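Let me begin by presenting the structure, written as structure tokens, before commenting on it.
The values are calculated or read from the model by the stated rules, or taken from the named source; none is laboratory data. No experiment lies behind these values; they were computed from the predicted model shown. All Cβ positions, even for glycine, are placed from backbone atoms using ideal geometry, and neighbour counts span all protein chains on display. Ligands, DNA and RNA are excluded from the accessible area calculation, which covers all protein heavy atoms including side chains. Shrake-Rupley method; radii C 1.70, N 1.55, O 1.52, S 1.80 Å.
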Amino acid sequence: MSAEFPVARPRRLRRTAPLRRMVAGTRLHPAELILPMFVKEGITEPAPVGSMPGVVQHTRESLRKAAHEAAEAGVGGVILFGVPAVKDGRGSGADDPEGIVQLALNDLRSEVGDALVIMSDTCLDEYTDHGHCGILTETGEVDNDLTLERYAAAAVAQARAGSQVIAPSGMMDGQVGVIRAALDADGHAEIPILGYSVKYASAFYGPFRDAAECAPQFGDRSAYQQDPAGPVGEALREVRLDLAEGADAVMVKPALAYLDILRQVRDLVDVPVAAYQVSGEYAMVEAAAANGWIDRDRVIMESLIAIRRAGADLILTYWATEVARRLT
């Protein structure tokens, strides 16, 4: 039992900044932050992403510089998304040894070594001319099992190029198990898999599709990504399946609109849980701040604290380097 007012005064521990800092129940650390990065083939200067102020499509050279800056700031890791010059129906660039992500992975291993964790997104949407995450049937649906073969090949190519974590994001049934088997067979049993286990068919991805140039040319991804109104049990089932297939960590995406799901996943599992603060979350804050409607820096930190408090051990955020510098 605790005392009551006027003896009990919770404000006593909020009175000064040092007091608030001392008793804070939720803390951020730079090593918990992961920076998503886009690298585009065939450009000579970084190309700004109009819908994501401050974010660019990198050249290989500017990517190395940005990764070095992230490492110096103490960021835990980076995750690469590639934009090839040529796309086709099977996403050939995804597993091409000379593909843009494979080349960039080699660059980053040379540039930063083990100063941060180099991760790679494993999907096909950035590489297909139709913008979907897999191989299409004659009727325009994504063929789950044929797509798994492409994911396995892409994961192996990325591991050979230097990726230290494979992160399959396509939401195909069985993707983690097939990738795990392929990595092990190719001599990469030590490479962990971060499963995009709970990924919703969200409207918050729009700016990302500008950056990765991967908007579907028809339809949407509702047939394979999760329904925002779907049952919570479906999300938890996806997590259990990924863990059974060999996932070493799991992810919830997007973050802020799904904090309730994030909390339930954190309570369910005993592996690291990541959350992706996606492009739409980033763009809304930047746009509101540009109009003078919000305090940008405070909103950034408050949103990250909320994601951390809900249970995320790792946070993918486009503000990773900026926030890491602020924290240190």
In whole Å, largest first, the alpha carbons of the stretch 75-218 cover along the principal axes 44, 32, 29
The stretch 136-269: Kirkwood hydrodynamic radius (Cα pairs, Å) comes out at 15.7
Expressed in nanometres to one decimal, the distance between label points 7 Å along Cα→Cβ at ARG109 and ARG240 is 3.8
Taking a probe of 1.4 Å and leaving out DNA, RNA and ligands, the stretch 1-101 shows per residue an accessible area in Å² of 57
For the chain, the longest principal axis of the Cα atoms and the Cα long axis of helix 100-112 enclose an angle in degrees, to the nearest 10, of 50
Tilt, helix 175-185 to longest principal axis of the chain (alpha-carbon atoms), in degrees rounded to tens, equals 70
Among (1) 43; (2) 49; (3) 55, the entry matching percent of Cα pairs over 27 Å apart as calculated here is (1)
In this structure, the FRET efficiency calculated for ALA47 and ARG263 from their beta-carbon separation, with R0 = 45 Å, to the nearest 0.05, is 0.75
Descending accessible area (1.4 Å probe), largest on the left, turns ASP297, ASP114, ASP95 into ASP114, ASP297, ASP95
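For the stretch 75-153, which whole percent of the accessible surface, found with a 1.4 angstrom probe, sits on carbon and sulfur atoms?
48
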Per-residue ellipticity at 222 nm attributable to helices in the chain (runs of n ≥ 4 DSSP H, -39500 (n - 2.57) apiece, nearest 500 deg cm²/dmol) works out to -12000 deg cm²/dmol
So for R0 = 35 Å, FRET eff. of TRP293-ARG9 from the Cβ-Cβ r, to 0.05, ends up at 0.55
On the accessible surface of the stretch 216-323, probed at 1.4 Å with all protein chains in place, carbon and sulfur together account for a percent value of 52
With DSSP loop assignment and no more than 16 other C-beta atoms within 10 Å, the GluC sites (Glu not before Pro) in the stretch 1-72 are GLU4
Chymotrypsin sites (Phe, Trp or Tyr not before Pro) in the stretch 206-276 lying in a DSSP loop, each with at most 12 other Cβ atoms within 10 Å of its Cβ, come to PHE218
Tilt, helix 259-268 to longest principal axis of the chain (alpha-carbon atoms), in degrees rounded to tens, equals 80
Rounded to whole angstrom, the alpha-carbon centroid of the stretch 165-244 lies from that of the stretch 58-75 at a distance of 26
Relative contact order as a percentage, the stretch 115-193, C-alpha pairs under 8 Å and 6+ apart, gives 33
The answer for the stretch 237-307, accessible area per residue at 1.4 Å probe in Å², is 44
Cα extents of the stretch 1-103 along the principal axes, largest first, in whole Å, come to 70, 28, 25
